[in-house]
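Take a look at the structure set out below.
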Amino acid sequence: MRIFWTEVRRSPLRWLFPVLVCIDLAALFGRNTYWIGVWPQASAAAQIPSLFFGPALAASAAWAAGRAHRYSFAEQFRASALPSWRPEIALLACTLAYGMLAYGVGVAAAAVVSLPDAGPGFLWPGYVLLGMGNVVGCTAVGHAIGRWSRSAFMAPVCCGIGVFVLLGLFGQSLGLFVLSGHPQVEVVDSALATRLMLAVAITGLALLVPLAAAKGTKRWRSGIMPRLAAAGICVGLVVVTYEIALGASLQTERAAPAEPLCSGGTPRVCVWPEDRKYLPELEKMANRLASLPSDRFKVPATFMESGLGEDKYAGFQIIEGSMWSVSPNMASSVLQETVKPYCPAANQAAEDRQMRAIFELTTWLEAWANGAGQPASVGGGPPGVDLRQVGALIKQPEATQFQWAKQRIDQINGTPCA
């Protein structure tokens, strides 16, 4: 422990620690903050900085590990009375301590800002551990490169860039990080374990490479043992990587709760308990749809989030906290109750008119549910629908809108089937 605390006091990372914290917090809060107040989303958001923070930490680890070369300490380490693995472990442990502390600041920040709105529960450990695995793996890679290379500046730069590129290219496909944490899914324990084993294997290899390369040490004079251990870890590394690439997905569907969280009144809106912060706005949207003339529109008694109910794929999804992402499902549910069941028209011209009427009416119902037209931040729309026209229509008197909607309903219901 004395060697470890000596490294902590003398490590160059003590000067870089504020920079690492700033990178972590910038990656956490510098993007869409929809995750605040939803525990699984906040947990996933807390590990996303590992995509940016990890490469920076790898570069820092390479710089810190290269100190032995820069100050000609390598021979002193070999000639020391202490086993060579002790200062090696102390150096890597010190770097990991700074990295984990910086990562922990981001995790704590995600928890603190979510507490007021998230309700019962806390951060999901699976996502947090996934980010920790990235921190450990990136640190180990940087440490190994720093101990191997004699370059003071090129090694950290190339290490940081290389790790960032590799994570960007393969990280998501291999499940080394996730971009969101919907309450409908959870982390698979076995898949998480293999990714943590990958980080441990990289760490073991990073520790053994300098020992295997050392000559004439008092501890392992022949160098055979560290070489054999390094070879064994390499085999394990290949096996774990193969399992990650071809094994089960990192996330799997969760079982629906016995009692979802639902609004009062009719129509009801039911969501996963973790999405409780969205319920007031969703209830307003349902009430807006319920305010439509009952002689022309029929509104379902319940709107359910995806994963709930008998058909778990039929409900709405909340994508990045956007209420507009919910409205297509709500609008389609109203339309199914209001017009006749869809059937192909007798000819192509009638089919085109019917589809256009369906698309226009659905888009107007979405705007009605939100009380506004499609926001500029949302791209795309149904083919052949003038979104600006619908956006302007939603600002017209209700009588004008209902007359416009009645024409579309009549067009749909009056189209003869083939």
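Checking His182 against (1) surrounded by fewer than 22 Cβ atoms within 10 Å (Cβ to Cβ); (2) modelled with pLDDT of 90 or more, only one condition comes out false. Which one?
All conditions pass for His182, except number (1).
With the requirement that a residue be at pLDDT below 70 and either buried (at least 24 other Cβ atoms within 10 Å of the Cβ) or in a helix (DSSP H, G or I) (or both), what does region 46-77 give you?
Result: Arg67, Ala68, His69, Arg70, Ala74, Glu75, Gln76, Phe77.
Can you tell me which of Leu130, Leu115 is out of contact with any Asp or Glu (no Cβ under 6 Å at 6 or more places or on another chain), closer than 23 Å to Leu250 by Cα and assigned to a helix (DSSP H, G or I)?
Step by step, each of Leu130, Leu115 is checked, and only Leu130 is out of contact with any Asp or Glu (no Cβ under 6 Å at 6 or more places or on another chain), closer than 23 Å to Leu250 by Cα and assigned to a helix (DSSP H, G or I).
Got a sec? Which of Arg388, Arg353 is at pLDDT below 90, of a type outside the set (Ser, Thr, Tyr) and surrounded by 15 or more Cβ atoms within 10 Å (Cβ to Cβ)?
Residue meeting the stated conditions: Arg353.
So, in region 88-107, how many residues would count as being within 11 Å of Ala65 (Cα to Cα) and within 21 Å of the chain's Cα centre (by Cα)?
Residues that pass the stated criteria total 0.
What number of residues within region 143-175 satisfy the criterion of being open to solvent by less than 30 Å² (accessible area, probe 1.4 Å), part of a loop (DSSP other than H, G, I, E, B) and within 20 Å of Met132 (Cα to Cα)?
Going through region 143-175 one residue at a time, the tally reaches 1.
From the list Ser43, Ser80, Ser11, exactly one residue is touching a helix residue (DSSP H, G or I) at 6+ places or on another chain (Cβ under 9 Å) and at pLDDT 85 or above. Which is it?
Ser43
Residue under question is Ala206, and the condition is that it be modelled with pLDDT of 75 or more, assigned to a loop (DSSP other than H, G, I, E, B) and either within 26 Å of the chain's Cα centre (by Cα) or in the same structural domain as Trp124 (by TED's automatic domain parsing) (or both); does it hold?
The answer is no for Ala206.
Are there any pairs with C-beta distances below 8 angstrom linking a residue in region 158-185 that is under 17 Å from Ala46 (Cα atoms) and in the same structural domain as Ala61 (by TED's automatic domain parsing) to a residue that is open to solvent by 30 Å² or more (accessible area, probe 1.4 Å) and of a type in the set (Asp, Glu), with the two at least 6 apart or on different chains, and if so which?
These pairs meet every condition: Ser180/Glu320; Pro183/Glu274; Val185/Glu253.
Within region 362-376, does at least one residue satisfy the condition of being open to solvent by 50 Å² or more (accessible area, probe 1.4 Å), assigned by TED's automatic domain parsing to the domain that holds Phe316, in contact with a strand residue (DSSP E or B) (Cβ under 8 Å, 6 or more places away or on another chain) and more than 21 Å from Phe297 (Cα to Cα)?
no
Residue by residue, here is whether (1) in contact with a Gly (Cβ under 8 Å, 6 or more places away or on another chain); (2) farther than 26 Å from Pro125 by Cα holds:
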position: Arg14; (1), (2): no, yes
position: Ala26; (1), (2): no, no
position: Gly30; (1), (2): no, no
position: Pro40; (1), (2): yes, no
position: Ser43; (1), (2): yes, no
position: Ser60; (1), (2): yes, yes
position: Ala64; (1), (2): yes, yes
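Modelled with pLDDT of 90 or more and under 37 Å from the mean Cα position of the chain (by Cα): does that describe Trp368?
So Trp368 fits the description; yes.
Those residues that are within 30 Å of Leu130 (Cβ to Cβ), out of contact with any Ser or Thr (no Cβ under 9 Å at 6 or more places or on another chain) and not acidic (Asp, Glu), I need them from region 250-271; list them, please.
Leu250, Gln251, Thr252, Arg254, Ala255, Ala256, Pro257, Ala258, Pro260, Leu261
The values are calculated or read from the model by the stated rules, or taken from the named source; none is laboratory data. If you're wondering where the values come from, they're calculated on a predicted model, not measured in any experiment. Here Cβ is always computed from backbone atoms with ideal geometry, including for glycine, and neighbour counts include all displayed protein chains. Side chains are part of the model used for accessible areas, which takes the heavy atoms of the whole protein and leaves out ligands, DNA and RNA. Shrake-Rupley method; radii C 1.70, N 1.55, O 1.52, S 1.80 Å.
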